[in-house]
Amino acid sequence: MKALEGVKILDFTHVQSGPTCTQLLAWFGADVIKVERPGVGDATRKQLVDVPGADSLYFTMLNHNKRSIELNPKTPEGKKVLTRLVEECDVLVENFAPGALDRMGFSWENIQTINPRIIMASIKGFGPGKYQDCKVYENVAQCAGGSASTTGFRDGPPLVTGAQIGDSGTGLHLALGIVTALFQREKSGRGQKVSAAMQDGVLNLARVKLRDQQRLAAGPLEEYSQFGEGIPFGDAVPRAGNDSGGGQPGRILKCKGWEQDPNAYTYFIIQAAIWDKVCDVIGEPEWKTKDGFAKPKDRLDKLNQIFDRIEQWTMTMTKFEVMDTCNPHDIPVGPILSMKEIMEDEGLYATGTLVKVPHPERGEYVSVGCPIKLSDSDVKVERSPLLGEHTRQILSDVLGYAGTELDEIIASGAVGEVK
Ligand SMILES: CC(C)(COP(=O)(O)OP(=O)(O)OC[C@H]1O[C@@H](n2cnc3c(N)ncnc32)[C@H](O)[C@@H]1OP(=O)(O)O)[C@@H](O)C(=O)NCCC(=O)NCCS
């Protein structure tokens, strides 16, 4: 048995944020029914295409374990079918632009009237307020949520990160909201509306930077490199380069081969607890007791000198040799792994974090599997559905349409060309 077995999700999501949420729910066993515009489908099916004619990796990697029905709820027959889906499902998830669902005639009030037990979960760019009507994509959320202003180097422009904290991050937040609402429904018998704004999701992940914003009132942020360099702070949290966010000095340092390999680097943290071991490992044992080096606070204005010396040492070995040498001493280091290296890591396939998925149109591809492991709810990653692959199956098996009624719906065009 899977954790969410028996839970039916009406998946009205598209692009990235919503689909990551419903994909997680599908992996935990929910029956996820993806509703797509007839003949077109989720726009990502045909974005960043690498195999002509086939669904893109953008789409396939975000829509595993789902079923697809083509449906246009803007037609009279389509409205009837969507109403039946709302009646049948436990959760409706959507990430349309603000107002789009209302314009289809499916406001939260109407949805509740159709099915008082349904949970309606929405992702929008912003919560209620002056920006509530804006359409929002990943990088806009990263900028509005405080991530971009605090990422990058002090003397460079704000930076967005490669991790999709606005889209996939908010999808994760929404998934937690949905299972929490399902849990509450067990006791209350009622559904509810679950909302996650991308700005809020990013800000939640950038929480430590709001911490630092308030600490600024009490004086400079001593763990930021600029403090040791004697550079004054302004009135907002600055970009901290590759400083560690947790108060322990840390940097990204070059390793052997950095001249050719853009990822021949390691992260290196010099926690107070392992300072003596760092000194021994890099061949500076006298730093353990030397004035100006022995105490963490005294080292703050010498971090550039200290990390330069550590880098001289890390440059004598590969990032993996640095890891192998430092780990036995509990010195926290981490190799900068390229996506190529990650994709070649057999250990990640063994745990199901990476999976090879067969696909009828594009052949086998590699995807990230379920990153959350449940000991009693196994995940088998299944390929994403082709557009409208399950239209007939959903109309008949889930909604109970048969005979002339089924024929009429199909003939109306509301559900695309049914195979
Ligand atoms: C992502 C986003 C910017 C995309 O905008 P978009 O491509 O213009 O798509 P919209 O959500 O506005 O939907 C476009 C239209 O398609 C229509 N549509 C969607 N599914 C349909 C279907 N199955 N049949 C018929 N029409 C459909 C919508 O009703 C809407 O029409 P309307 O504006 O005339 O009422 C926007 O959806 C958004 O801001 N979403 C919330 C935030 C979010 O999740 N952003 C991150 C995405 S990764």
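The values are calculated or read from the model by the stated rules, or taken from the named source; none is laboratory data. These numbers were taken from a predicted model, which means no experiment stands behind them. Don't worry about glycine lacking a Cβ; one is built from the backbone with ideal geometry, like all the others, and counts go over all protein chains shown.
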Checklist entry - Name the pairs: first residue in the stretch 391-411 and assigned by TED's automatic domain parsing to the domain that holds LYS80, second residue surrounded by 12 or more Cβ atoms within 10 Å (Cβ to Cβ) and among the polar types (S, T, N, Q), Cβ to Cβ under 8 Å, at least 6 apart or on different chains? => result THR391/SER68; ALA402/SER396; LEU406/SER396
Item to check | Elements of type helices (runs of 4 or more DSSP H) contained in the stretch 193-251, each with 1 or more residues being more than 24 Å from the chain's Cα centre (by Cα) and not assigned by TED's automatic domain parsing to the domain that holds GLY166 | outcome: 207-215, 225-228
Checklist entry - Inside the stretch 244-255, can you point out the residues that are closer than 9 Å to GLU223 by Cα, surrounded by fewer than 21 Cβ atoms within 10 Å (Cβ to Cβ) and not polar (S, T, N, Q)? => result GLY245, GLY246, GLY247
Next on the checklist: Here's a check for you: in the stretch 63-86, which residue that is within 9 Å of the ligand (Cβ to nearest atom), not in a helix (DSSP H, G or I) and not aliphatic (A, V, I, L, M) is surrounded by the fewest Cβ atoms within 10 Å (Cβ to Cβ)?
Outcome noted: LYS74
Checklist entry - When you look at PHE12, is it under 20 Å from the mean Cα position of the chain (by Cα), farther than 30 Å from GLY352 by Cα, within 12 Å of the ligand (Cβ to nearest atom) and of a type outside the set (Val, Ile, Thr), yes or no? => result no
Item to check | Which listed residue, of VAL333, VAL357, VAL379, is within 20 Å of ILE274 (Cβ to Cβ) and surrounded by 17 or more Cβ atoms within 10 Å (Cβ to Cβ) | outcome: VAL333
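From ILE231, ILE178, grab the single residue that is surrounded by fewer than 21 Cβ atoms within 10 Å (Cβ to Cβ) and among the aliphatic types (A, V, I, L, M). Can you show your working first?
Numbers: ILE178 fails: surrounded by fewer than 21 Cβ atoms within 10 Å (Cβ to Cβ).
After ruling out the rest, the residue left standing is ILE231.
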Item to check | Every pair of residues 6+ apart whose Cβ atoms lie under 9 Å, when the first sits in the stretch 86-112 and is on the phi < 0 side of the Ramachandran plot while the second is of a type in the set (S, T, N, Q) and near the ligand (Cβ under 7 Å from one of its atoms) | outcome: ASN95/GLN16; ASN95/SER17
Next on the checklist: Please go through the stretch 308-356 and give me each residue that is under 25 Å from the mean Cα position of the chain (by Cα) and part of a helix (DSSP H, G or I), ordered by number.
Outcome noted: MET339, LYS340, GLU341, ILE342, MET343, GLU346, GLY347, LEU348, TYR349, ALA350
Checklist entry - Within the stretch 87-104, can you find the residues that are farther than 21 Å from GLU138 by Cβ, assigned to a helix (DSSP H, G or I) and within 12 Å of the ligand (Cβ to nearest atom)? => result LEU101, ASP102, ARG103
Checklist entry - In the stretch 107-122, is there at least one residue being within 14 Å of the ligand (Cβ to nearest atom), under 18 Å from GLN16 (Cα atoms), at pLDDT 95 or above and not in a loop (DSSP other than H, G, I, E, B)? => result yes
